[in-house]
Amino acid sequence: MSITKNGLILGATALTAGSVALTGFGLHYSQTQAFVRESPKEIVDEVWQVINSRYVDATFNGQDWRSIRNEFLEREYASKEEAYEAVREMLKTLDDPYTRFMNPEEFRSMQIDTSGELTGVGIQITKEEETNNIVVVAPIEDTPASEAGIMAKDIITKIDGQSTEGMELNDAVNLIRGVPGSNVVLTIQRDNREIDFDLTRAKIEIKPVRTRIEEDPNVGRVAYIRLVQFSNNASAEMREAIAQAESENVNGYILDLRSNPGGLLYSSVEISRMFINQGRIVTTVDRVGEVDGHQANGRALTDKPLVVLVDGGSASASEIVSGALQDNDRATIVGTQTFGKGLVQSVRGLSDGSGLAVTISKYLTPDGRDIDKEGITPDVVYELSEEERELIASDRQKLGTREDGQFRRAFEVLSDKITRTAQN
């Protein structure tokens, strides 16, 4: 999730691969122009002002926000660290895990994270509102977490033996992060069992797009494109992948967004435009009902049959793309219900080098669906069996091959679409 261009990052998760990041809603980054002040109290007021002017809920979770300002400014703070704790306490009253404060180190890490170079174990996590559980949104491919077999929807119950019950998301991230080569043990609850994963932290470089050509005697060549994150360079790599596939005369595409936790909003819009020639892609709505819509621009790179693979780890930007393709009748969605993160955040640099992520709006699919907490329902539901999940978890090379049940089903659907297209 990099913070450049329109800087909109989609998501509501923290990336423990060495930084704090957002995936599930759009994220807009802007740097405040305030001067660094001597009084730690000033950062408290600066955060209050941003929330007061931009927060999506004009009732501030049913609170008197001005009284809260008075309460926190009447306190004395001996250090910036005390002010930072007060800021976190103030934000906690909003009951919004996605509106978060980042100290200068965490904010710098987030900026590095979105460039695609990370340090850590390689998982996206979130804190569920209903249960307060720390939950894995998705492991990032070819990282310690994915290679160990950690899966989307796993619940992290302990970090190095410390219970996560009642733990804040930032605290969990800080415990999981660390120096490359060092170890961290995550205790995972999956179904009715607990599993310990001893992970070695590493430097992680994310290549967002992976592609290959699948040959089939009945339908010819099919391009399989796996997108693992909507990072800064994802749209450029996707454009190259489609151009290469078109040069090889493919007859259709499978776009794999499984376990893709999201990323930049503009990246999701640009990639949608590569497949959709006309129509709306996504709409964002703020607290006063102002609407900002993103449309296709008549420059689609292909109109060939398309199937999109999704699962419970497909969040935010992944849901924008799959929702846009579904509502515009451009693709058939195959897999399982997506994660359901449809909020937009603005990320701002503060005067002392710290940062603030603020929920400022929600996004809707072209048909006006609010998918937050709901997700995208596939057109063709295919749930992997426990045996199939374990097979892929034990050997990630099988993902996107005929040994992958969801891929097989997607290929069947695409083959039928290609055949019908050829007959028309």
Quickly run through region 411-424 and pick out the residues that are surrounded by 14 or more Cβ atoms within 10 Å (Cβ to Cβ) and either among the basic types (K, R) or in contact with an Asp or Glu (Cβ under 8 Å, 6 or more places away or on another chain) (or both).
-> F411, S415, K417
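Could you please let me know if R402 is modelled with pLDDT of 90 or more, of a type in the set (K, R) and not in a helix (DSSP H, G or I)?
Numbers: modelled with pLDDT of 90 or more: yes; of a type in the set (K, R): yes; not in a helix (DSSP H, G or I): yes.
Spelling it out, R402 is indeed modelled with pLDDT of 90 or more, of a type in the set (K, R) and not in a helix (DSSP H, G or I).
Could you tell me which of the residues N174, N218 is modelled with pLDDT under 95, out of contact with any strand residue (DSSP E or B) (no Cβ under 6 Å at 6 or more places or on another chain), in the same structural domain as G400 (by TED's automatic domain parsing) and not hydroxyl-bearing (S, T, Y)? Reasoning before the result, please.
Values: N174 fails: in the same structural domain as G400 (by TED's automatic domain parsing).
Unique residue meeting the criteria: N218.
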Does at least one position in region 218-238 carry a residue that is out of contact with any Ser or Thr (no Cβ under 6 Å at 6 or more places or on another chain), farther than 23 Å from A152 by Cβ and crowded, with 23+ Cβ neighbours inside 10 Å?
-> yes
Filtered residue count, region 44-81, keeping only those that are farther than 18 Å from N174 by Cβ, more than 30 Å from the chain's Cα centre (by Cα) and not hydroxyl-bearing (S, T, Y) = 12
Only one of (1) modelled with pLDDT under 95; (2) in the same structural domain as R258 (by TED's automatic domain parsing) is not met by I376, so which one is it?
-> (1)
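Right, F407: within 23 Å of the chain's Cα centre (by Cα), at pLDDT 95 or above, crowded, with 21+ Cβ neighbours inside 10 Å and more than 30 Å from P40 (Cα to Cα) or not?
On the way: within 23 Å of the chain's Cα centre (by Cα): yes; at pLDDT 95 or above: yes; crowded, with 21+ Cβ neighbours inside 10 Å: yes; more than 30 Å from P40 (Cα to Cα): yes.
Yes, satisfied.
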Write out, first by first residue and then by second, each pair whose Cβ atoms fall under 6 Å of each other, whose residues are 6+ apart or on separate chains, and whose first residue, in region 272-292, is in contact (Cβ under 8 Å) with a residue 60 or more places away in the chain while the second is in a loop (DSSP other than H, G, I, E, B) and surrounded by fewer than 16 Cβ atoms within 10 Å (Cβ to Cβ).
-> R287/A58
Selected residue [over 21 Å from the mean Cα position of the chain (by Cα) and in a loop (DSSP other than H, G, I, E, B)] from A300, A315 = A300
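Restricting region 334-373 to residues that are outside any strand (DSSP E or B) and aliphatic (A, V, I, L, M), which is modelled with the lowest pLDDT? Before the answer, list the steps.
At the first step, the residues of region 334-373 found to be outside any strand (DSSP E or B) are 336-342, 350-354, 365-369, 371-373.
Right, trim to aliphatic (A, V, I, L, M) and you get 350, 371.
On the way: L350: 94, I371: 88.
Looking at the filtered set, the residue picked out is I371.
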Output for region 62-86, where each listed residue is polar (S, T, N, Q) and either loosely packed, with under 13 Cβ neighbours inside 10 Å or over 22 Å from D96 (Cα atoms) (or both) = S67, N70, S79
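The values are calculated or read from the model by the stated rules, or taken from the named source; none is laboratory data. These numbers come from a predicted model, not from an experiment. Here Cβ is always computed from backbone atoms with ideal geometry, including for glycine, and neighbour counts include all displayed protein chains.
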